[in-house]
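> Supplied in structure tokens, the structure appears directly below.
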Amino acid sequence: MTYTSTWTDADEQGDLVAGLHWVRDDHLAELASALNRRRRLTYQADRDYSAQIAAGAYVRAALLAGALPSPLENLRAQVADLLGPALGGMGGQPPSPAGMEWLWPLADDDENAVLVLTQPQAGQVALLEKIGQDGSWSDPALGGGVTPIRACHVNQLRRASELLRRGRWTLPLYLTSGMFSTAPQTPWIGGYVANNGSAEIRSVGCIIARTDDSPALGLSGVEARPASRIELTAQNDCSVELRRILRPMALLSDPPTWNCYRPAQSLAWASPGGCGQNDSEAIGSVALLAGQAGVLTGTGVAAALQAMIDGAGQNFLLRRTDIGYTSIPVSARTIVEFDLVSPPN
């Protein structure tokens, strides 16, 4: 996917041109909006860069034209925060997301290396070595009333924002519910699959790729890449099929049964167990060895995740496709690799 920036007052590279463009408050507000968009991707609410003037607070837009450095310091700090270790704050245990990494998005020798601000280790690339002078921001020590705002300051922040456009988020798949064929009207415990040839336990769970906030927190306005994958782990050898549930679910308040996807409303599956037409669709199957993660990846996984990112339900069904061991504990996680859809920035 081609990324195209839409900055105000920009040359073909998206830069302000010294001697042609004055640095204005709307340029910094535009940067704040772009970085807030990336905060939402990391499950964090927007930061207000214009609310008040106080010690440690952000300077309101009316003062940006006065060439005070505080707004630049705030925006630079935001870039550093986005590249720092981000802990999940949604969902259960582990919290979702369980891990977040920004990846180098350009098709060169560093493609998909993990982005850090400075001092890269093996498998990493330093953002400031790509956009800065000698691996640092231009005028790294900004002085109030001393350091004028220059076009290069804005341009570096634009480049930083543009390069934070490919990510790899690790999301737990919470197997919260189960369905047991011999107890068709009773919700069952999740995290198990079984198939002895006459009875089955199927497991139902969800990810939190995005929230219902407006605007949504999490993965919104992104394109899932085929490198995305879902990892399944079972305690015993078995074969498991993963399906995306198409029915509207309420896993916590109205957990499904073998007969119904919404028992409280008497809404029945087209086929008991949830594999009928319009109940769910297959994503893929994998043969699992005890204690070893089996991986589902490719366009089918990406398409299922994309549907969830775009607003569909975020629920999965796991069923065992072989016959054998009575009941097997299973766990799962989802690794979503994505590119930011643009515009806007």
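The values are calculated or read from the model by the stated rules, or taken from the named source; none is laboratory data. Here the structure is a predicted model, which is why all the values come from computation and not from measurement. Ideal geometry is used to build each Cβ from the backbone, glycine not excepted, and the neighbour counts take in all protein chains shown.
> Can you find, within the range 310-345, the residue that is farthest from L219 (Cα to Cα) among those that are out of contact with any Leu (no Cβ under 8 Å at 6 or more places or on another chain) and among the charged types (D, E, K, R)?
This residue is D322.
> Being assigned to a strand (DSSP E or B), over 17 Å from A224 (Cβ atoms) and at pLDDT 95 or above is the requirement here; does V336 meet it?
no
> Further, regarding this structure: List every residue pair whose Cβ atoms sit under 6 Å apart, with the two residues 6 or more apart in sequence or on different chains, where the first one lies in the range 7-25 and is in a loop (DSSP other than H, G, I, E, B) and the second, anywhere, is of a type in the set (K, R) and at pLDDT 80 or above.
Within 6 Å, the pairs are W7/R158; G14/R158.
> Same structure again: Out of the range 163-202, which residues are small (G, A, S) and within 24 Å of the chain's Cα centre (by Cα)?
G167, S177, G191
> Sticking with this one: Given the conditions (1) in contact (Cβ under 8 Å) with a residue 60 or more places away in the chain; (2) under 16 Å from V79 (Cα atoms); (3) surrounded by 18 or more Cβ atoms within 10 Å (Cβ to Cβ), report the number of the one that A32 does not fulfil.
Among (1) in contact (Cβ under 8 Å) with a residue 60 or more places away in the chain; (2) under 16 Å from V79 (Cα atoms); (3) surrounded by 18 or more Cβ atoms within 10 Å (Cβ to Cβ), the lone unmet condition for A32 is (1).
> It is to be established whether one or more residues within the range 297-310 are under 27 Å from the mean Cα position of the chain (by Cα), over 19 Å from V204 (Cβ atoms), modelled with pLDDT of 95 or more and in a strand (DSSP E or B).
yes
> Here is a follow-up. Here are some residues: R37, R60. Which one is surrounded by 14 or more Cβ atoms within 10 Å (Cβ to Cβ), over 18 Å from R150 (Cβ atoms), modelled with pLDDT of 80 or more and out of contact with any strand residue (DSSP E or B) (no Cβ under 6 Å at 6 or more places or on another chain)?
R37
> Among (1) part of a loop (DSSP other than H, G, I, E, B); (2) closer than 24 Å to T182 by Cβ, where does I201 come up short?
Every condition holds for I201 apart from (1).
> Which one of these does P184 not meet: (1) over 30 Å from L75 (Cβ atoms); (2) assigned by TED's automatic domain parsing to the domain that holds L31?
Condition not satisfied by P184: (2).
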